[in-house]
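The values are calculated or read from the model by the stated rules, or taken from the named source; none is laboratory data. Just so you know, these numbers come straight off a predicted model, no measurement behind them. Neighbour counts are summed over all protein chains in view; Cβ atoms, including those assigned to glycine, are modelled from backbone coordinates with ideal geometry. Accessible surface is based on the protein model in full, side chains and every heavy atom, while ligands, DNA and RNA are left aside. Shrake-Rupley method; radii C 1.70, N 1.55, O 1.52, S 1.80 Å.
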2 protein chains.
Amino acid sequence: MTRARGRPRDPEADRAILRAALELFLERGVAGTSMEQIAKRAGVGKLTVYRRWDSKEAVLAAAIESARDEMPETAPPDPGDVPVPTLVRQTLPDLAEALTAPRLRAMVARVFGESASHPELMATYWEHYVVPRRRTVRALLERARAEGTLAADADLDVLIDMLVGAVLFRLLQPEPLDAAGARAYLESVYRHAGLLDER
Amino acid sequence: MTRARGRPRDPEADRAILRAALELFLERGVAGTSMEQIAKRAGVGKLTVYRRWDSKEAVLAAAIESARDEMPETAPPDPGDVPVPTLVRQTLPDLAEALTAPRLRAMVARVFGESASHPELMATYWEHYVVPRRRTVRALLERARAEGTLAADADLDVLIDMLVGAVLFRLLQPEPLDAAGARAYLESVYRHAGLLDER
């Protein structure tokens, strides 16, 4: 599957490379992954990878970005006058289900694990995964504040960190959650952040 | 610095090995570290390492445990009738200072990064670093609940995750905090968790 210089890109080879790169990254991290291994697992020649990306870090960043679609959706845009707790409850089952996926756990672990040595991977993840979710949570918090269920002087950035941080932190703890456990956990976190009514 | 089988352990060699193993782990993670590299950096023969530990994972777990002493202290045991906010304020400056250390950032990143592939390292970290800190925060939350500044039905485990999770999450974000930023951040997190009076 070698290609002559100048020939148009092969989208199937690109997809195979990105998929292989992501698998290796999740299994072994950056230091445990090489361009050779990526090419081998993708079933392409090493040159095919190098023609498209000039370092394993570049392939890995592209692989992380491309996996965006597999990951849990952020909540739908705020639909008018539905109360915040109702909106939150609508998104909880899917989010809880997503949290139990070993692949999400591995992705979060690896990206955070490389944050000191490969900040560019963290930056890619941040832009494509974290920022959209923070925006959604912020919209909910702003509405809760406007509706008076959240204190007027609440620090929204810190509350977002507490909410997202708790979930990510729980995700990486020994003893993974099952779907029911994840749902109960999320309910409790949202409640303490002021986004769910008391039961 | 090779030693004959059966000779007593050389504590200095052990310390050099653990120090080298921790440095390599922080720089490269588990997959990027080998027994050869640990021996080389410690300035000992490979056999010296193998006589004491039978895998790199075992050396790394011991190295993580041994570094416990360098990391920020947990708060002092609850001294009688000092109000919770006063206790929290006493520990904030040291904690804020500790949060700005690149080494702590690297340690948290690596340990969490290996949580999916090497749960035994996460378990070691959990036991020696996280459990003692959770215990301290729990004692503070229980007192706050008893004093009525925290709701009687607050879920303490979730609140601890929100507090610790936010700080760890913030630690791994792009844009590190300086000491003043870390202090302001901690104050805000503690306030939202119900452990500091409103200003």
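As a size descriptor, the averaged projected area of the C-alpha convex hull of the stretch A:11-63 was calculated at 2.9 nm². From the Kirkwood radius over Cα pairs of the protein assembly as shown, Stokes-Einstein at 25 °C and 0.890 mPa s returns a whole-number translational diffusion coefficient of 107 µm²/s. Considering only B:ALA13, B:GLY165, B:THR100, and ranking their Cα positions along the charge dipole of chain B that arises from unit charges at the beta-carbon of Lys, Arg, Asp and Glu, the one farthest toward the positive end is B:ALA13. Peptide B:168-179 is shielded by partner chain Cβ atoms: per residue, an average of 5 of them sit within 10 Å of its Cβ.
Between the residues B:LEU156, B:LEU195, B:GLY43, the greatest Cα displacement towards the positive end of the dipole of chain B, with unit charges on the Cβ of Lys, Arg, Asp and Glu, is found for B:GLY43. Placing unit charges on the Cβ atoms only, positive for Lys and Arg and negative for Asp and Glu, gives the stretch B:11-60 a dipole magnitude near 100 debye about its Cα centre. Note on B:THR86/A:ASP157: beta-carbon distance plugged into 1/(1 + (r/R0)^6) with R0 of 25 Å gives a FRET efficiency of 0.40. A Stokes-Einstein calculation at 10 °C with viscosity 1.306 mPa s, built on the Kirkwood radius of the stretch A:85-199 over Cα pairs, returns a diffusion coefficient of 106 µm²/s. For chain B, a simple Cβ point-charge model (Lys and Arg +1, Asp and Glu -1, everything else neutral) yields a dipole of about 1060 debye relative to the Cα centre. For chain A, the relative contact order comes to 22 percent (Cα pairs under 8 Å, sequence separation of at least 6). Put a plus charge on the Cβ of each Lys and Arg, a minus charge on the Cβ of each Asp and Glu, and nothing anywhere else: the dipole of the stretch A:104-199 about its Cα centre is then about 240 debye. Partners of B:LYS40 within straight-line reach, counting aspartates and glutamates whose Cα lies under 19 Å from its Cα and excluding those fewer than 8 residues away in the same chain: B:ASP10, B:GLU12, B:ASP14, B:GLU23, B:GLU27, B:ASP54, B:GLU57. With helices as the sole contributors, chain B gives -20000 deg cm²/dmol at 222 nm; each DSSP H run of n ≥ 4 counts as -39500 (n - 2.57), and the sum is divided by every residue. Chain B and chain A together bury an accessible surface of about 3100 square angstrom, both sides counted, with a 1.4 Å probe and no ligands or nucleic acids included.
The stretch A:120-137 and the stretch B:108-166 have Cα centres spaced 24 Å apart.
Note on the stretch B:7-47 and the stretch A:179-199: Cα centroid distance 45 Å, given to the nearest whole angstrom. Using 1/(1 + (r/R0)^6) with R0 = 51 angstrom and r between the beta carbons of B:HIS128 and A:TYR50, what's the FRET efficiency to the nearest 0.05? That gives a FRET efficiency of 0.75. Considering chain B as a Gaussian network with a 10 Å cut-off on Cα pairs, which listed residue, B:THR100, B:THR136, B:THR86, attains the greatest mean-square fluctuation? Ranking B:THR100, B:THR136, B:THR86 by mean-square fluctuation puts B:THR86 first.
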